[in-house]
1. For Leu212, are the conditions met, namely being hydrophobic (A, V, I, L, M, F, W, C), more than 30 Å from Ala154 (Cα to Cα) and in contact with a strand residue (DSSP E or B) (Cβ under 8 Å, 6 or more places away or on another chain)?
2. Find the residue count for the stretch 224-252, including only residues that are surrounded by 14 or more Cβ atoms within 10 Å (Cβ to Cβ) and polar (S, T, N, Q).
3. Taking the stated definitions as given, is Gln227 of a type outside the set (A, V, I, L, M, F, W, C), free of Cβ contacts under 8 Å to residues at least 60 places away in the same chain, over 16 Å from Leu95 (Cα atoms) and not in a loop (DSSP other than H, G, I, E, B)?
4. With among the basic types (Lys, Arg), farther than 21 Å from Val66 by Cα and in contact with a Ser or Thr (Cβ under 8 Å, 6 or more places away or on another chain) as the only criterion, which of Lys129, Lys173, Lys149 stands out?
5. Look through the stretch 37-56, keep the residues that are of a type in the set (A, V, I, L, M, F, W, C) and in a loop (DSSP other than H, G, I, E, B), and return whichever of them is nearest to Leu174 (Cα to Cα).
6. Does Phe185 fit the bill of being buried (at least 18 other Cβ atoms within 10 Å of the Cβ), out of contact with any helix residue (DSSP H, G or I) (no Cβ under 8 Å at 6 or more places or on another chain), among the aromatic types (Phe, Trp, Tyr) and not in a loop (DSSP other than H, G, I, E, B)?
7. Give the stretch 127-150 a look and list any residue that's charged (D, E, K, R), out of contact with any Gly (no Cβ under 9 Å at 6 or more places or on another chain) and either without any contact (Cβ under 8 Å) to a residue 24 or more places away in the chain or in a strand (DSSP E or B) (or both), or say none.
8. Of everything in the stretch 199-224, what is closer than 20 Å to Asp33 by Cβ and not in a strand (DSSP E or B)? Give them in sequence order.
Amino acid sequence: MTRFAASQGFMGPFSHDGQASIAPSPPWHYAADFITIETWVDPVAIEALLPPGLSLHPDEAGLVTVSFVDWQACTATGGELLDPIRAQYRECIVLASVQYEGKLMQYCPYIVVDQDTSLARGWALGYPKKIGSVWITRSMGMPSIASPKLEAGATFAGTVAVKDRRLAEGHVKLSALADSSAVTFGSRPIVALRHFPSMFEGQHDRPAVYELVRLQAENVQASPVWQGDAALTIYDAPIEPLARLRPTRIGRGWRYSIAMTNRNNHLLRDLRDTSLSQEK
C-alpha cells in the first residue's frame, strides 16, 4: 500500500481509504472453471515471443494451451462477493511450454480479460493482458439441457474477441476422467514478464521494469479433471498475435476447476541488466 498526503492505495487512482485503486492489495484469492485445449504450433512462432532467459523445451517444443476461464476473485474480507461485478470476470489464457535453466515451465505471451481489475492485477504480476470479451459454457449445478453436467458426452465451449473481432473459438466433448498427463493450468510452473516502459526522453527502449518472474500460487486446490476430444479455430486479426499461433495439430481438451491465492512473485532475472549489456 502506497501512502502520501491523505491518500493511499495499492495502485492508482489513490483515495483517502484506498478503495478506489483499480486493484486492491494482495493477497488475492481465486476460484475458477477452466476449459483448456492442447495444441501444437510452429515452434518458430513461439520463439519469436520469448524474452531473454527462456527457450523452447525439447520435450514440448511447440506445445501451447488455450484456456477459456470463468473466474471469481476477492481479498481476505470477501467483500467483493457482495458486489459481484468487482469479483467476476472471464479470460482467455495462452500458455506456451518453455524452459528456464533447463526446467520445464509455461510462459504466457497473450491473455484477454473482460474486467479492468483483473487487467491491472495481471500487469502487476506479469501477465500481458488486453481487454476483450470471453464467454464459456457454464454448468449451473442443476442438470438441464441448458446446463451440461460433468460427465461423458457433455460439451463445453469458449470464445474470445478483441475490439469486436472474434479471435478464437473452441470446445471440448468430455469422455472420461483424465490422468496425470493433463496439461492443466498450474501443472507446470508459470513464468511471466513484468514490463513497464520508461517515459523519459531517450529512454523509451529502456524499460523502468523488465523482470522475468515465476508466479507463486498458494493454497492450491483442484477438482477432478475431465478430458475429451477438442476443437479450436483461430481467426485472423489485424494486430493480435494469436493468429501467428494457429495450431498445426489439436490434442486433448480438459474441463476442471481450481482455487488458489496469489501473494508474491519470485524474481528469476532482472532483464534491465541484459538490455544494458546488449547496448555496450
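The values are calculated or read from the model by the stated rules, or taken from the named source; none is laboratory data. Nothing here was measured: the structure is a model prediction, and the numbers come from that model. Every residue, glycine among them, receives a Cβ derived from its backbone with ideal geometry; neighbour counts consider all protein chains shown.
1. Numbers: hydrophobic (A, V, I, L, M, F, W, C): yes; more than 30 Å from Ala154 (Cα to Cα): yes; in contact with a strand residue (DSSP E or B) (Cβ under 8 Å, 6 or more places away or on another chain): yes.
Considered against the rule, which asks whether it is hydrophobic (A, V, I, L, M, F, W, C), more than 30 Å from Ala154 (Cα to Cα) and in contact with a strand residue (DSSP E or B) (Cβ under 8 Å, 6 or more places away or on another chain), Leu212 comes out as yes.
2. Taking the stretch 224-252 first, the residues surrounded by 14 or more Cβ atoms within 10 Å (Cβ to Cβ) are 225-235, 237, 240-247, 250-252.
Remaining after also requiring polar (S, T, N, Q): 227, 233.
Looking only at that region, the number is 2.
3. On the way: of a type outside the set (A, V, I, L, M, F, W, C): yes; free of Cβ contacts under 8 Å to residues at least 60 places away in the same chain: yes; over 16 Å from Leu95 (Cα atoms): yes; not in a loop (DSSP other than H, G, I, E, B): yes.
Yes, satisfied.
4. On the way: Lys129 fails: farther than 21 Å from Val66 by Cα; Lys173 fails: farther than 21 Å from Val66 by Cα.
After ruling out the rest, the residue left standing is Lys149.
5. Keep residues of the stretch 37-56 that are of a type in the set (A, V, I, L, M, F, W, C), which gives 37, 40-41, 44-46, 48-50, 54, 56.
Checking the rest, the ones that are also in a loop (DSSP other than H, G, I, E, B) come to 41, 48-50, 54, 56.
Working: Val41: 23, Ala48: 34, Leu49: 32, Leu50: 33, Leu54: 34, Leu56: 30 Å.
If we take residues in the stretch 37-56 being of a type in the set (A, V, I, L, M, F, W, C) and in a loop (DSSP other than H, G, I, E, B), then Val41 is nearest to Leu174 (Cα to Cα).
6. On the way: buried (at least 18 other Cβ atoms within 10 Å of the Cβ): yes; out of contact with any helix residue (DSSP H, G or I) (no Cβ under 8 Å at 6 or more places or on another chain): yes; among the aromatic types (Phe, Trp, Tyr): yes; not in a loop (DSSP other than H, G, I, E, B): no.
No.
7. Residues of the stretch 127-150 charged (D, E, K, R): 129-130, 138, 149.
So of that shortlist, the ones also out of contact with any Gly (no Cβ under 9 Å at 6 or more places or on another chain) come out as 130, 138, 149.
Scanning the stretch 127-150 gives Lys130, Lys149.
8. Ser223, Pro224
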